[in-house]
Structures are given as C-alpha cells and as structure tokens.
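So the structure is just underneath, and the comments pick up after that.
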C-alpha cells in the first residue's frame, strides 16, 4: 500500500523561509501525481493552497509556492508569519479515481 | 458563491448504518466531481470516496470499500454517503468536497463537516 510521507512537525521563526515536503514510501513524486496542498487550523475545514504542483489557489498569497524538489513535492513558505501556524497536508492523485493524503505536518511558528 | 452543507452525522453503535447528505449550491452540481473526506479525532485527512458528475463512476478507499456507498441526486443538488457496518475507526468529521476533474485532481471547495461517532 502506497504511503504518502510528510514531516510530522516543523518549527520556524517569524520571517524565515522554509520548505515542507511530500514523498512516497516507494518511488518518486512527479507532476503526474498532480500534488496539491491544503492548510487546516484546528476545528476548521481545510483550505486549498496549491494544486497541480505549483498553481496557487485563488486568494492565496504568493508567499506560498509549490514545486518538485528531487523526488518529492514541496511547499515553500517565504517569510513565515504567526498565522501560518497550522497543519499542512499534501495530496497525491494515484489514478483510477484514488487520492491519497499525507499524514500532515504541524507547523509551529515560534 | 459555492456552498457545501453537510448533515446527517450523529452517534451510532458499531454495526449500525448512517446516511450523510451534502447540499450543494453556487455551481453546476450535476457535472461536478464530488467527494467525501474524513478526519478522525486528532488525525489527518483521509480521502473516502468520489463520484464523477457525468459518468456516475464511483471510487472508494480500501478502508470503506464494500461498506460505504456514495451517490448523488442531481435534481436536488445533493451528495450522499450511505455508511453501513460502521466501526469505531469510522469515527470522524466527514467533509463533503468538490473535486476539480482531470487534469487537475484537487479539492477546490470544502464543507464545514459533520461529526460521526461510532461507539457502544
């Protein structure tokens, strides 16, 4: 069974630029998996940030960007802000109608 | 404005059934791909099921295949999830989500979720 991997937690300082990653337990992530990224704060529905690897959803600031780095999908946040503190999930499309989420990264802005 | 409003959640005992509904508005529901995504307490998001708008094809995660049935009533702009043989591990907030079709494959709008608790 394919597992989508993410850093369980990540801590940054305000103003810092950093990258969260999304990998596969077996194999490499490519644009063919149409990676997407979602932000979720506790008690709220997810918010779509990035789709098709690197396209920002409507209203998402350009501080958020997506890419493929090596064999993983990546979400880069430039200039961390306090309200970036959330859980971040990537999702990969596996084909045949099946989507798989990563386990999520809990981002702390110290 | 796109709106997705889930209902039907509640407390049920293991082995029982429950049907969730998601009333959609603000977009052409009949041609839209729709999905259910769930989140167990303190856990991450899990894709559950998807139904396509035009073909009516349905897809399920392995954890629910054979127990859950996704369906839609395009005349009522409503998506359903019939959940049978419920287990404690099905306890979660269930979100209705509109999925962008090929070649993008992502969720662009989400409902606020409905809580399902399976416990004796």
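Each value in this text was obtained by applying a stated rule to the coordinates, not by laboratory testing. Keep in mind it's a predicted model, so treat the numbers as computed, not measured. As a convention, Cβ positions derive from the backbone with ideal geometry for all residues, glycine included, and neighbour counts pool all protein chains shown.
The table below lists the values:
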quantity: Centre separation in Å (Cα based) which lies between the range A:66-84 and the range B:64-110; calculated: 29
quantity: Where labels lie 7 Å past Cα in the beta-carbon direction, separation of residue A:82 and residue A:32 in nm; calculated: 4.6
quantity: Computed label-point distance, nm, for sites residue B:67 and residue B:25 using a 7 Å Cα→Cβ extension; calculated: 3.4
quantity: Where labels lie 7 Å past Cα in the beta-carbon direction, separation of residue A:63 and residue A:41 in nm; calculated: 1.3
